[in-house]
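K.L.:
Below is the structure I would like to discuss, written out as structure tokens.
The values are calculated or read from the model by the stated rules, or taken from the named source; none is laboratory data. Note that this is a predicted model, so its numbers are computed, not measured. Every residue, glycine among them, receives a Cβ derived from its backbone with ideal geometry; neighbour counts consider all protein chains shown. The accessibility values were calculated without ligands, DNA or RNA, using every heavy atom of the protein model including side chains. Shrake-Rupley method; radii C 1.70, N 1.55, O 1.52, S 1.80 Å.
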Amino acid sequence: MSSEFGALLKISVFGQSHGKAIGVNIDGLPAGEPIDLDELNAFLSRRKPGKSPLSTARKEADAPVFLSGLENGVTCGAPLCAVIENSDQHSSDYEELRDKPRPGHADYTAWVKWHGAADMRGGGHFSGRLTAPLCIAGGIARQILARRGIYTGAHLLSVGSEQDRPFPLHPTAALFTEIAARPFPVMDEEAGRRMQEVILAARQDGDSVGGVIQCAAIGLPAGLGDPMFDGMENRLAAALFGIPAVKGVEFGDGFAAARSRGSQNNDPFAVENGAVVTTSNHAGGILGGITTGMPLIFQLAMKPTPSISRPQQTVSLSRMENAELVIRGRHDPCIAHRAVPVAEAVTAAVLLDVLLESGTL
């Protein structure tokens, strides 16, 4: 299924932005794992809309209702199904879009693929709204991993030309917690203030702006993953590209490695406390598709939100002629800061799947 990922841990996301509900089905969770629902709800609140002028004004409680898979707060071996009811849709804002596809959105491609039958109100099944059930799955995975000493964390690395400092060579769980507790997910709060100014300036101009997220996982053992087509990068990238607005994924130095010499890009090996480590981490903790034991590091490029209030050129599908479109409704001037916990969630879900498959969990 196109809306499902995972080998042993199968995660399926369902629903539409303006439908009755959205949700997730998770098959393959280990039984007997306690899930702290307060911690899960706190994680979900990090991506919730309507909390500041930096995001859409849509108000959603995003409170999951568990239909199966949890008994007295503990996984019971059955597939876990959770739903989140939608409550603050303004569907009338999208009437014109039935005929005029939004530039940069999936309206046109969905119209072609499903012959005009797709529900594209609020983006339909393509909407960033569907990242809420992704965060349910990933939030549960994070708790299971944390009990094994494996942690995921992320921050907003850049918005426009403004940049946060990158993760240190060895990020810590305490650093991840510190970033997550902040209203704006950065390490350097002054850089964060400048990023927010860029976002608000775009909103003032009726426009939007993109950003880059840096994500890390620590505590992973060496040896996870496989060469060629089932490597750790492959597994992560396939799932990460399911996050709406992701247009690029790079591991370690990524494209910057192409501008380096081998003497600069290679990570020298050393022995510390009886373990093999590298003294730098340009590879992002992965060699040949297999984890090295160093922190796993990657960056996500998030495009600017396509829904902007400026007039845009499109077409009328019914008349097959050029047309102008002015998008109404409530939209994020930047999606990147709200996608930070989503990156953590998807990463945790993939890592839990790989660990279950390897038999090391």
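K.L.:
Answer yes or no: is there a residue in segment 351-358 that is β-branched (Val, Ile, Thr) and within 30 Å of Ser12 (Cβ to Cβ).
P.N.:
yes
K.L.:
Which condition does Ala63 not pass, out of (1) among the hydrophobic types (A, V, I, L, M, F, W, C); (2) modelled with pLDDT of 85 or more; (3) touching a helix residue (DSSP H, G or I) at 6+ places or on another chain (Cβ under 6 Å), if it passes all the others?
P.N.:
(3)
K.L.:
Still on this structure: Would you mention how many residues in segment 179-190 are part of a helix (DSSP H, G or I) and either in contact with a strand residue (DSSP E or B) (Cβ under 9 Å, 6 or more places away or on another chain) or open to solvent by 90 Å² or more (accessible area, probe 1.4 Å) (or both)?
P.N.:
Going through segment 179-190 one residue at a time, the tally reaches 3.
K.L.:
Within segment 234-255, how many residues are part of a helix (DSSP H, G or I) and under 16 Å from Val340 (Cα atoms)?
P.N.:
4
K.L.:
Condition test on Gly206, is it surrounded by 13 or more Cβ atoms within 10 Å (Cβ to Cβ) and in contact (Cβ under 8 Å) with a residue 40 or more places away in the chain?
P.N.:
yes
K.L.:
Only residues that are among the hydrophobic types (A, V, I, L, M, F, W, C) and crowded, with 21+ Cβ neighbours inside 10 Å: list them for segment 210-223, please.
P.N.:
Ile213, Cys215, Ala216, Ala217, Ile218, Leu220
K.L.:
Looking at Val277, Val340, Val315, which one is in contact with a Gly (Cβ under 8 Å, 6 or more places away or on another chain) and either within 30 Å of Leu200 (Cβ to Cβ) or among the aliphatic types (A, V, I, L, M) (or both)?
P.N.:
After ruling out the rest, the residue left standing is Val277.
K.L.:
Of all residues in segment 276-314, how many are surrounded by fewer than 16 Cβ atoms within 10 Å (Cβ to Cβ) and polar (S, T, N, Q)?
P.N.:
Within segment 276-314, residues that are surrounded by fewer than 16 Cβ atoms within 10 Å (Cβ to Cβ) and polar (S, T, N, Q) number 3.
Let's see how each residue does on (1) more than 23 Å from the chain's Cα centre (by Cα); (2) closer than 30 Å to Met120 by Cα; (3) of a type in the set (Phe, Trp, Tyr):
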position: Ile286; (1), (2), (3): no, no, no
position: Gly289; (1), (2), (3): no, no, no
position: Phe298; (1), (2), (3): no, no, yes
position: Lys303; (1), (2), (3): no, yes, no
position: Arg310; (1), (2), (3): yes, yes, no
position: Glu321; (1), (2), (3): yes, yes, no
position: Leu325; (1), (2), (3): yes, yes, no
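K.L.:
Just the residues that are loosely packed, with under 13 Cβ neighbours inside 10 Å and at positive phi, please, taken from segment 224-275.
P.N.:
Met228, Asn273, Gly274 - these are the residues of segment 224-275 that are loosely packed, with under 13 Cβ neighbours inside 10 Å and at positive phi.
K.L.:
If you check Ala42 against the conditions, is it assigned to a loop (DSSP other than H, G, I, E, B) and surrounded by fewer than 17 Cβ atoms within 10 Å (Cβ to Cβ)?
P.N.:
In short, no.
K.L.:
Follow-up question, since we're still on this one. Residues of segment 315-345 being open to solvent by 20 Å² or more (accessible area, probe 1.4 Å), polar (S, T, N, Q) and in contact with a strand residue (DSSP E or B) (Cβ under 7 Å, 6 or more places away or on another chain), which ones?
P.N.:
Asn322
K.L.:
Can you tell me which residue in segment 66-87 is modelled with the highest pLDDT, limited to those that are open to solvent by less than 30 Å² (accessible area, probe 1.4 Å) and farther than 15 Å from Ala137 by Cβ?
P.N.:
Gly73
K.L.:
Sticking with this one: Step by step: first the residues of segment 139-167, then only those that are open to solvent by less than 60 Å² (accessible area, probe 1.4 Å) and closer than 19 Å to Ala256 by Cα, then the one that is modelled with the lowest pLDDT. Which residue is that?
P.N.:
Gly160
K.L.:
Could you give every pair whose Cβ atoms fall below 8 Å, whose first residue belongs to segment 312-323 and is within 27 Å of Ser208 (Cβ to Cβ), and whose second residue is hydrophobic (A, V, I, L, M, F, W, C) and open to solvent by less than 20 Å² (accessible area, probe 1.4 Å), counting only separations of at least 6 or pairs across chains?
P.N.:
The qualifying pairs are Gln312/Leu325; Gln312/Ile327; Gln313/Ala323; Gln313/Leu325; Thr314/Ala323; Thr314/Leu325; Val315/Ala323; Ser316/Ala323.
K.L.:
Something else now. Would you mind stating whether Arg47 is over 18 Å from the mean Cα position of the chain (by Cα), charged (D, E, K, R), modelled with pLDDT under 95 and surrounded by 13 or more Cβ atoms within 10 Å (Cβ to Cβ)?
P.N.:
Judged against the criteria, Arg47 is not a match.
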